[in-house]
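Participant: Have a look at this one.
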Amino acid sequence: MLQFKMVNLKHLTLLIIVVVVAFLSYLFYSLNNIEKENFLISNIESALITTKNFLEEEKKQALSLAILLSEDKEFLEYFISNDRKKVFDTIQKKLKSISIVQPDKFKIQVHDKELKAYLRSWDYETSGVRLDSFRKGLVYAKENKTPFVSVELGLRLNIKAIAPIFIDDEFIGSIEVITEFESVSDMMKQRGYDFVVLLDSKYVDNSNIVQKNRKIKNYIVCNNVENISLLNSLENIEFLNLKDYGYEIGDVSFGYFSIYDLNNTNLGYILIALKKR
């Protein structure tokens, strides 16, 4: 009888040890996962702040250049005298000097007083295209008589800085500096993050975004993203559940914030994902 009790006690002790070890293992596993998730969330939140700072810096650069060009004496002389060829040559000269430090970063468009395309740095032949019906930033800069920069949808979704041009307080046109998101993407890539710009596809009819761009559900990818695996993973995301700002932790973990236009319309999202190592 005593021997039987000793055997049962040993079995009970062994069972208790197994249960305790299993519990401690589960607790360690859970705490480790929580620690990893908190670390991931902290990284993503930091990356979102960094991305917003980089975007603001890009906007400031574009706006500063637009203002400088709108006050440039050589440019104004040829623009006022309606010499398109010399305006074009002057702009190319300015861009060439900038490209020494920042190659192929900026494009420039000049508009006349009726907000028609007067000249494009990438297309000398095109002029006279009316823009005021879909370019809200141009109308805003003209009506408010002030330089303006935003993420805006025109021919493409990108950063557009506009400076109105006045002679004796009379509006005679405006000059626009355009820059893409690739600089921000490159800076985030150097820090170990993927950068994705998504435009709601319902706005594509109002732009010249090529149809070959990758589509993820109801969104068009508007920048060059090399991480195809990430884009494939985003196919499983319920974008309708996204808010204005936040993060998703799961099979694909990313932070995001909304892109709004001048009229506070949600155009899409900017996503930041930590690259898998």
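Participant: So which residues in segment 146-175 are among the polar types (S, T, N, Q) and either touching a residue at least 60 places away in the same chain (Cβ under 8 Å) or outside any loop (DSSP other than H, G, I, E, B) (or both)? Steps first, answer last, please.
Facilitator: Within segment 146-175, the first condition is being among the polar types (S, T, N, Q), and the residues that meet it are 146, 150, 158, 174.
Selection gives 150, 158, 174.
Participant: Out of curiosity, is residue 225 within 13 Å of residue 157 (Cα to Cα) and under 16 Å from the mean Cα position of the chain (by Cα)? Before you say what the answer is, go through the steps one by one.
Facilitator: Working: within 13 Å of residue 157 (Cα to Cα): no; under 16 Å from the mean Cα position of the chain (by Cα): yes.
Criteria not met by residue 225.
Participant: Would you confirm whether or not segment 76-85 contains a residue that is buried (at least 21 other Cβ atoms within 10 Å of the Cβ) and touching a Leu at 6+ places or on another chain (Cβ under 9 Å)?
Facilitator: Taking segment 76-85 as the starting set, the residues that turn out to be buried (at least 21 other Cβ atoms within 10 Å of the Cβ) are 79.
This time we only want the ones that are touching a Leu at 6+ places or on another chain (Cβ under 9 Å), so: 79.
For segment 76-85, residues buried (at least 21 other Cβ atoms within 10 Å of the Cβ) and touching a Leu at 6+ places or on another chain (Cβ under 9 Å): present.
Participant: If you don't mind, another one. Determine which single condition residue 204 fails, assuming it passes every other condition in (1) out of contact with any strand residue (DSSP E or B) (no Cβ under 8 Å at 6 or more places or on another chain); (2) over 30 Å from residue 70 (Cβ atoms); (3) modelled with pLDDT under 90.
Facilitator: (1)
Table: residues versus (1) loosely packed, with under 14 Cβ neighbours inside 10 Å; (2) hydroxyl-bearing (Ser, Thr, Tyr); (3) closer than 30 Å to residue 120 by Cα.
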position: 162; (1), (2), (3): no, no, yes
position: 181; (1), (2), (3): no, no, yes
position: 186; (1), (2), (3): yes, no, yes
position: 205; (1), (2), (3): yes, no, yes
position: 223; (1), (2), (3): no, no, yes
position: 238; (1), (2), (3): yes, no, no
position: 247; (1), (2), (3): no, yes, no
position: 252; (1), (2), (3): no, no, no
position: 263; (1), (2), (3): yes, no, yes
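Participant: Could you grab the pairs with beta carbons closer than 7 Å, sequence gap of 6+ or different chains, first residue in segment 122-145 and assigned by TED's automatic domain parsing to the domain that holds residue 108 and assigned to a loop (DSSP other than H, G, I, E, B), second one small (Gly, Ala, Ser) and surrounded by 13 or more Cβ atoms within 10 Å (Cβ to Cβ)?
Facilitator: Within 7 Å, the pairs are 126/117; 127/117; 128/117; 129/117; 131/117; 135/154.
Participant: Any residue in segment 94-111 that is hydroxyl-bearing (Ser, Thr, Tyr), surrounded by 14 or more Cβ atoms within 10 Å (Cβ to Cβ) and either farther than 27 Å from residue 264 by Cβ or touching a strand residue (DSSP E or B) at 6+ places or on another chain (Cβ under 8 Å) (or both)? Before you say what the answer is, go through the steps one by one.
Facilitator: Restricting attention to segment 94-111, the residues satisfying the condition of being hydroxyl-bearing (Ser, Thr, Tyr) are 97, 99.
Now restrict to residues that are surrounded by 14 or more Cβ atoms within 10 Å (Cβ to Cβ): none.
There is no residue in segment 94-111 that is hydroxyl-bearing (Ser, Thr, Tyr), surrounded by 14 or more Cβ atoms within 10 Å (Cβ to Cβ) and either farther than 27 Å from residue 264 by Cβ or touching a strand residue (DSSP E or B) at 6+ places or on another chain (Cβ under 8 Å) (or both).
Participant: Of the conditions (1) touching a helix residue (DSSP H, G or I) at 6+ places or on another chain (Cβ under 8 Å); (2) over 16 Å from residue 63 (Cα atoms); (3) outside the structural domain of residue 51 (by TED's automatic domain parsing); (4) of a type in the set (A, V, I, L, M), residue 163 satisfies every one except a single condition; which number is it?
Facilitator: The single condition residue 163 does not satisfy is (2).
The values are calculated or read from the model by the stated rules, or taken from the named source; none is laboratory data. Predicted, not measured: the structure shown is a model, and the values here were computed from it. Don't worry about glycine lacking a Cβ; one is built from the backbone with ideal geometry, like all the others, and counts go over all protein chains shown.
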